[in-house]
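Below: the structure, in structure tokens.
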Amino acid sequence: MANSRSGESVAERIVRVLETFDADRSAQTPSQIARRASLPSSTAHRLVSELVATGLLDRDESGQVRLGMHLWEVAQRGSRALRLRQAALPYMERVQARIRAHTQLAVREQDETLFLERLSHPAAVSNIARVAGRLPLHASSAGLVLLAFADDAARARILSRPLAALSPETVTDPVELDRVLRRTRREGHVVAHGYIEPVSTAVAVPVRERGEVIAALSMVLPRDAPTAGALDELRRAAAAIGRALA
Ligand code: PHB
């Protein structure tokens, strides 16, 4: 693709435009998009018009634009996330009905935990994870499992970075985190008490496809809830998902 004077490709600029949208900013004017994407106003207006013409963005009567249904359609079609989510959903529903707590499916994406699905329960504890939202690998239970079974290079990369504390109990010391990861690998699950919020305990297990860990299944439970039953259910579900994928 042609590059702008700044050396940035058109594709990179389109991604910057699309990334200005999130759950709290689902409708924006082209000027707001320009500001948030740090693009010249004329460039943002032109890109927005082109994206509206192709259906990747939708414009309403007030002139505000939203992510288009067509974008959702092409993003879902044939995606790895959809295949995984479809294989996982029946088993996640079973776990969630039995344990009555948040049940989620996540993958490692650009060194973060990306949540593909989340089932909740009206009586469940606070949960900051969102579908299509991200949390740090070292703080979330699913992320700890994904990191524990990641390649050595990925693990070394994360352990060498500053590890942010999301709560007073997040493990931010790399030596301690390495211990947690070794234990997770050995035991095949993680129990994270208050790593994200003091009110909850999260548990997670790996989901394997032909032996390789490709995702993690987790539950967010009240802080002092028992974890053994949830882990049993998650292990059974992960094995069934692995078989469904094979
Ligand atoms: C987790 O996956 O570890 C997790 C996610 C959201 C929370 C708490 C824990 O609110």
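Annotations
- Using 0.36 nm per residue and subtracting the Cα-Cα separation, the extra length available between Q76 and R94 on full extension is 4.1 nm.
- Long-range Cα-Cα pairs in the stretch 10-74 (distance over 15 Å), rounded percent: 42
- Plainly put, the chain has a radius of gyration that is 1.03 times its Kirkwood radius, both from alpha-carbon atoms, as the Rg/Rh ratio.
- The trypsin sites (Lys or Arg not before Pro) of the stretch 137-231 meeting both criteria, a DSSP state outside H, G, I, E and B (loop) and at most 15 other C-beta atoms within 10 angstrom of the site's C-beta, are R210, R223.
- Rounded to whole Hz, the Karplus (6.51, -1.76, 1.60) HN-Hα couplings of the stretch 150-166, x for glycine and proline: 6, 5, 4, 5, 5, 5, 5, 4, 5, 5, 8, 9, x, 9, 6, 8, 8
- The chain: calculated mean residue ellipticity at 222 nm from DSSP helix runs of at least 4, using -39500 (n - 2.57): -13500 deg cm²/dmol
- In the context of the full set of protein chains, residues of the chain present 52 Å² of accessible surface per residue (probe radius 1.4 Å, heavy atoms only).
- With the charge dipole of the chain set up from +1 on Lys and Arg Cβ and -1 on Asp and Glu Cβ about the Cα centre, the Cα lying farthest toward the positive end among the listed residues V131, Q64, L163 is that of V131.
- Radius of gyration and Dmax over the Cα atoms of the stretch 135-235, both given in Å: 12.8, 38
- Accessible-area rank, largest first, for R46, R134: R46, R134, with all protein chains present and a 1.4 angstrom probe.
- Options Y195, L217, T184, ranked by Cα towards positive dipole end of the stretch 175-218, top entry (Cβ charges): T184
- For I214, the solvent-accessible surface with a 1.4 Å probe is about 30 Å², rounded to the nearest 10.
- Angle in degrees between helix 228-245 and the longest Cα principal axis of the chain, rounded to the nearest 10: 60
- Each residue of the stretch 81-98 was assigned a 3J(HN,Hα) from its phi angle through the Karplus curve 6.51 cos²θ - 1.76 cosθ + 1.60 (θ = phi - 60°); the sequence is 5, 5, 4, 5, 5, 5, 5, 7, 3, x, 6, 5, 5, 5, 4, 5, 5, 7 Hz, with glycine and proline shown as x.
- Nonpolar atom fraction for the chain, defined as the carbon and sulfur part of the 1.4 Å probe accessible area, stands at 51 percent.
- From phi via Karplus (6.51, -1.76, 1.60), per-residue ³J(HN,Hα) for the stretch 175-184 in Hz, x at Gly/Pro: 5, 5, 4, 4, 5, 4, 5, 4, 5, 4
The values are calculated or read from the model by the stated rules, or taken from the named source; none is laboratory data. Please read all numbers here as calculations on a predicted model, not as lab measurements. Cβ atoms come from the backbone with ideal geometry, glycine included; neighbour counts cover every protein chain shown. Only protein heavy atoms, including side chains, enter the accessible area calculation; ligands, DNA and RNA are left aside. Shrake-Rupley method; radii C 1.70, N 1.55, O 1.52, S 1.80 Å.
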